[in-house]
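The values are calculated or read from the model by the stated rules, or taken from the named source; none is laboratory data. Bear in mind that the values here come from a model prediction, so they are computed numbers and not experimental data. Positions of Cβ are generated from backbone atoms using ideal geometry, with glycine treated the same way; all protein chains shown enter the neighbour counts.
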């Protein structure tokens, strides 16, 4: 089931075209990373989805219903955490969540129960009665996560949830996301942290200059960009003879010696020739301790796409 | 009416009232509105004790104290009713701009609420605060007058005067709220409202002068006073075209229409068509301001 569907979405700010007819979809249960450089159009897309911005063209759907600032009922199904959220500083966390809970139609008892649960989940239970004006940036981020989770939505839209946080706070948010993924939430996550996205997400959409560069399974993106086979070989007593023997193999583009017993063999194509490497090392008097095909990281795939777009 | 519509409006009204209270607006409005009257009451009491005679007397002393009817004794009264536009401005000046500046609209408007509900909530909160303030002011003044000048009469006027004061000030609040939404900067909204209030006063004075001047040429004549009275009467109709003037004159016109009291020694005759037109124009202006606020807010892109 499609939870999010974006069709030819266009958004202009004056003469600047922030979104140039983007399309992609997110299915139920996906942990979907939304990546792109600053100003690529990530926050604009998210704000259209949650009814904060109006699209100039195309359509966006949540659970099959077209979104717009006026269609407010559909937002009951979404938990949204804005980038660097700011909440009314004159309220306490409890007052804020109680007010939001009423907007989701939650009864008093249910609200009290959920407020305690989500504040416990984000580690703010002790600060529930403090005014938000006294909260640090990290605490406001946590509160942002708490208010997104309050009504226990199936879909979470998180815009840079770790932006501006210290390493401890980032770790805490990452752990929360992992726990949410475990309970089957659909998470649509905009982030700059590629390592984080690679750890958590199974699907990604990459956007740049308001255009979609890729949208689909993360492993397909990596496969698509992996045009050359790269094998990391660990050899006992690695020497120049062994390196030369491997370099002489047909289809080997280059060999990089990484350490005293490790070399990286880059082939000209994706054909698996590990048996030939094994034979060449053995015949040169070497002993293989380990061999592993290297997968490119999301970072490499992302950079290849974004740089390709810039140069293209 | 969507699901939770009334509940949402109630929640948003309480939210706005809490904002006004926590940002000290309630306290400032009450202090600014009630303190001058309290001071006037203290001064009158002290002066009466010093002179040993009653300054504040009569069955309609409460009207005198409110500054509705000017006469002996009102020299002590600094009536806040003359500054109602300032209270209206104070309540509403950051209603929208404050939330754009923090910016707290991003999480709020991503919730399942309609934007018109937010706008209506803000109007209702301003109405509640003004209603409470004027109720307190009237009660306080009547109680003091009762103690100082004996049993008070014409109290049947109070609900109508309370409503007129409320609608008049709410109009200024909503005009300020509109600038707060359009300009998105609190200081700019305050300066603009003040400038328009000032410009309105100047324009009305200039029109009055232009209308009266022809009748003053050629020196005093027997019918000059009658002509000036006629022009003044016309002017009271013309000024209803300006929202500021319509809101500001609503309380006094309502008072003049219903009360038999004189002001500055003369009756300001207020015919039914004038008071009807005044109320109608105020209600239309209120509806128009609310409609523009809702229309504009629903089309606003919440960028930050």
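Tell me, which residue of region B:292-304 that is closer than 12 Å to residue B:115 by Cα and in a helix (DSSP H, G or I) is nearest to the other protein chains (Cβ to nearest Cβ)? Lay out the reasoning, then the answer.
Of region B:292-304, the ones closer than 12 Å to residue B:115 by Cα are B:293-302.
Add one more test, that the residue is in a helix (DSSP H, G or I), and what stays is B:293-298.
Numbers: B:293: 15, B:294: 11, B:295: 12, B:296: 12, B:297: 9, B:298: 6 Å.
It comes out as B:298.
Taken over region A:107-129, the criterion of being assigned to a loop (DSSP other than H, G, I, E, B) and at pLDDT below 95 is satisfied by A:107, A:122, A:123, A:124. Would a scan of region A:22-29 turn up a residue that is within 14 Å of chain B (Cβ to nearest Cβ) and surrounded by 15 or more Cβ atoms within 10 Å (Cβ to Cβ)? Looking for residues that are within 14 Å of chain B (Cβ to nearest Cβ) and surrounded by 15 or more Cβ atoms within 10 Å (Cβ to Cβ), one finds none in region A:22-29, hence no.
For region A:147-172, filtered to residues that are assigned to a helix (DSSP H, G or I) and out of contact with any strand residue (DSSP E or B) (no Cβ under 9 Å at 6 or more places or on another chain), the residue that is farthest from residue A:112 (Cα to Cα) is A:167. Consider residue A:202 carefully, then state whether it is surrounded by fewer than 17 Cβ atoms within 10 Å (Cβ to Cβ) and either touching a helix residue (DSSP H, G or I) at 6+ places or on another chain (Cβ under 8 Å) or touching a residue at least 40 places away in the same chain (Cβ under 8 Å) (or both). Yes, satisfied. Summed over region A:43-78, the residues that are away from chain B (no Cβ under 14 Å) and under 15 Å from the mean Cα position of the chain (by Cα) give a count of 0. With respect to (1) crowded, with 20+ Cβ neighbours inside 10 Å; (2) modelled with pLDDT of 95 or more; (3) more than 13 Å from every other protein chain (Cβ to nearest Cβ), the lone exception for residue A:96 is condition (3).
From the list A:19, A:9, the one residue that fits, being part of a strand (DSSP E or B), within 14 Å of chain B (Cβ to nearest Cβ) and modelled with pLDDT of 95 or more, is A:19.
Answer with yes or no whether residue A:173 is away from chain B (no Cβ under 13 Å), buried (at least 17 other Cβ atoms within 10 Å of the Cβ) and over 28 Å from residue A:42 (Cα atoms). Show your work before the answer.
Working: away from chain B (no Cβ under 13 Å): yes; buried (at least 17 other Cβ atoms within 10 Å of the Cβ): yes; over 28 Å from residue A:42 (Cα atoms): no.
No; evaluated as a whole, the condition is false for this residue.
Which of the residues spanning region A:99-128 are surrounded by fewer than 20 Cβ atoms within 10 Å (Cβ to Cβ) and at the interface with another protein chain (Cβ under 7 Å from one of its Cβ atoms)? Of everything in region A:99-128, just one residue is surrounded by fewer than 20 Cβ atoms within 10 Å (Cβ to Cβ) and at the interface with another protein chain (Cβ under 7 Å from one of its Cβ atoms), namely A:105.
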